[in-house]
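Asks: Attaching a single structure in structure tokens format; questions to follow.
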Amino acid sequence: MRRWNGLGEVPADWGRSVITIGVFDGVHRGHQRIVGTAVAEARRRGLRSVVITFDPHPDEVVRPGTHPPLLAGTKRRIELLEGLGADAVVVVPFTLELSRMPPDEFVQSVLVDRLHAAHVIVGEDFRFGHKAKGDVALLRELGDKYDFTAEGMPLVANGGTISSTYIRERLDAGEVDLAAGALGRPHRVEGIVVRGHQRGRALGFPTANLETLPHTAIPADGVYAGRLVCDSGRYPDFRWPAAISIGTNPTFEGVERTVEAYALDRDDLDLYGEHMAVDFTARVRDTLKFDSVEALIDQMHLDVDRIREITS
């Protein structure tokens, strides 16, 4: 597997390729099907497969402040794409100049001159070029001009259409199980563990307070079952059942929305400064305001018992 940061890193002698191109936010099951088809087609033709994605999200450049919450950060998205078996992933910096490039020029400079496209596979709603004037039909026409074939595929899995918008809607509703079904894995939220008010430790449930990545898609407020994950630092390969809380801690009159995770039965972890992630398995309950700290502690014990059953 090769990873190129920009088209300038593509070797001059790179041969003809089967290419798939898109933002691939979340790398959900529909995306997985498209990339898998490209990989299989490349092998059938005896060629190499290339995935093209963009950073930052095009909407962030074209319409700043309007892009949707992201289902996966750039690093995570690239790791997921690399895991699908393509020979190379190229991350193209998305700029205003690129967004203003006419469709013909985009195809020639990106797909043809650098990657020597033999076949291009995209989602059927794929758009490209200035003001998104290019579509699959135009891509096929340009393929005739530049000697490659092209096809658009629906974003489906098991007969149902899958979209990043649908997944965000499920997360907004707290339906992390349905989001996981569309993603093909639990939804993940990443961040650096920072010091909070340390109330969890005082209550007997020390939590990791995540300073999440910008623009992250965070599920609705509530208590969830899941896993606390770390793949580097002091705790490599750490995956532990966890109780995850999202909200403002209304019992303590909080105003700042936080993502906190308690690794079940672990009070020996020093996580400050670590890059961690939480994977969401199931929603346990809504965020509630309790009349007393004692009532909150009683409920937390019940939550942990329930989450232990779910994650066992």
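The values are calculated or read from the model by the stated rules, or taken from the named source; none is laboratory data. Keep in mind the model is a prediction, meaning the values are calculated, not measured. As a convention, Cβ positions derive from the backbone with ideal geometry for all residues, glycine included, and neighbour counts pool all protein chains shown. Surface accessibility is based on the protein's heavy atoms, side chains included, excluding ligands, DNA and RNA. Shrake-Rupley method; radii C 1.70, N 1.55, O 1.52, S 1.80 Å.
Asks: Please specify each residue of segment 103-115 satisfying the condition of being assigned to a loop (DSSP other than H, G, I, E, B) and either open to solvent by 60 Å² or more (accessible area, probe 1.4 Å) or hydroxyl-bearing (Ser, Thr, Tyr) (or both).
Replies: If the condition is that a residue be assigned to a loop (DSSP other than H, G, I, E, B) and either open to solvent by 60 Å² or more (accessible area, probe 1.4 Å) or hydroxyl-bearing (Ser, Thr, Tyr) (or both), then 113, 114 are the ones that fit.
Asks: Also, I was wondering about something else. Which of the residues belonging to segment 22-53 are within 18 Å of residue 115 (Cα to Cα) and open to solvent by less than 20 Å² (accessible area, probe 1.4 Å)?
Replies: 22, 35, 38, 39, 42, 49, 50, 51, 52, 53
Asks: Identify all residues within segment 31-53 that are in contact (Cβ under 8 Å) with a residue 60 or more places away in the chain and within 13 Å of the chain's Cα centre (by Cα); write none if there are none.
Replies: 31, 32
Asks: So which residues in segment 155-190 are hydrophobic (A, V, I, L, M, F, W, C) and either more than 16 Å from the chain's Cα centre (by Cα) or open to solvent by 10 Å² or more (accessible area, probe 1.4 Å) (or both)?
Replies: 155, 156, 157, 162, 173, 178, 180
Each row is one residue, and each column tells you yes or no for (1) more than 22 Å from residue 310 (Cα to Cα); (2) touching a helix residue (DSSP H, G or I) at 6+ places or on another chain (Cβ under 8 Å).
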position	(1), (2)
138	yes, yes
141	yes, no
163	yes, yes
176	no, yes
183	no, yes
196	yes, no
207	no, yes
213	yes, no
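Asks: Output the residues belonging to segment 270-282 that are in contact with a strand residue (DSSP E or B) (Cβ under 7 Å, 6 or more places away or on another chain), more than 13 Å from residue 245 (Cα to Cα) and surrounded by fewer than 19 Cβ atoms within 10 Å (Cβ to Cβ).
Replies: Across segment 270-282, the qualifying residues are 272, 273, 274, 275.
Asks: Which one of 56, 64 is surrounded by fewer than 18 Cβ atoms within 10 Å (Cβ to Cβ), touching a residue at least 24 places away in the same chain (Cβ under 8 Å), closer than 20 Å to residue 128 by Cα and of a type outside the set (A, V, I, L, M, F, W, C)?
Replies: Within the list 56, 64, the selection yields 56.
Asks: Is there any pair with a first residue in segment 262-287 that is in contact (Cβ under 8 Å) with a residue 24 or more places away in the chain and a second that is part of a loop (DSSP other than H, G, I, E, B) and surrounded by fewer than 17 Cβ atoms within 10 Å (Cβ to Cβ) whose Cβ atoms are under 6 Å apart and which are 6 or more apart or on different chains, and what are they?
Replies: So the pair list comes out as 274/233; 287/221.
Asks: Right, something else. Check segment 283-298 and report whether any residue there is closer than 17 Å to residue 210 by Cβ and open to solvent by 30 Å² or more (accessible area, probe 1.4 Å).
Replies: yes
Asks: Does residue 244 satisfy being among the aliphatic types (A, V, I, L, M) and either in contact with a helix residue (DSSP H, G or I) (Cβ under 8 Å, 6 or more places away or on another chain) or surrounded by fewer than 18 Cβ atoms within 10 Å (Cβ to Cβ) (or both)? Spell out the reasoning first.
Replies: Working: among the aliphatic types (A, V, I, L, M): yes; either in contact with a helix residue (DSSP H, G or I) (Cβ under 8 Å, 6 or more places away or on another chain) or surrounded by fewer than 18 Cβ atoms within 10 Å (Cβ to Cβ) (or both): no.
Considered against the rule, which asks whether it is among the aliphatic types (A, V, I, L, M) and either in contact with a helix residue (DSSP H, G or I) (Cβ under 8 Å, 6 or more places away or on another chain) or surrounded by fewer than 18 Cβ atoms within 10 Å (Cβ to Cβ) (or both), residue 244 comes out as no.
Asks: Can you tell me which residue is modelled with the lowest pLDDT among those in segment 290-312 that are closer than 25 Å to residue 193 by Cα and in contact with a helix residue (DSSP H, G or I) (Cβ under 8 Å, 6 or more places away or on another chain)?
Replies: The residue in question is 293.
Asks: Which of the residues spanning segment 152-185 are of a type in the set (D, E, K, R) and closer than 18 Å to residue 278 by Cβ?
Replies: Passing the criteria: 168, 170, 172, 175, 177, 185.
Asks: Which residue pairs have Cβ atoms under 6 Å apart, sit 6 or more places apart or on different chains, and have a first residue in segment 240-256 that is modelled with pLDDT under 95 and a second that is open to solvent by 70 Å² or more (accessible area, probe 1.4 Å) and not polar (S, T, N, Q)?
Replies: The qualifying pairs are 248/255; 248/257; 250/289; 251/289.
Asks: For segment 219-238, state whether one or more residues are modelled with pLDDT of 95 or more and touching a Leu at 6+ places or on another chain (Cβ under 6 Å).
Replies: yes
Asks: OK, next. Taking the condition surrounded by 13 or more Cβ atoms within 10 Å (Cβ to Cβ), touching a residue at least 24 places away in the same chain (Cβ under 8 Å) and of a type in the set (Lys, Arg), does residue 195 pass?
Replies: Values: surrounded by 13 or more Cβ atoms within 10 Å (Cβ to Cβ): no; touching a residue at least 24 places away in the same chain (Cβ under 8 Å): yes; of a type in the set (Lys, Arg): yes.
So residue 195 fails the test.
Asks: While we're here: Can you tell me which of 305, 298, 291 is assigned to a loop (DSSP other than H, G, I, E, B) and either among the acidic types (Asp, Glu) or without any contact (Cβ under 8 Å) to a residue 12 or more places away in the chain (or both)?
Replies: It is 291.
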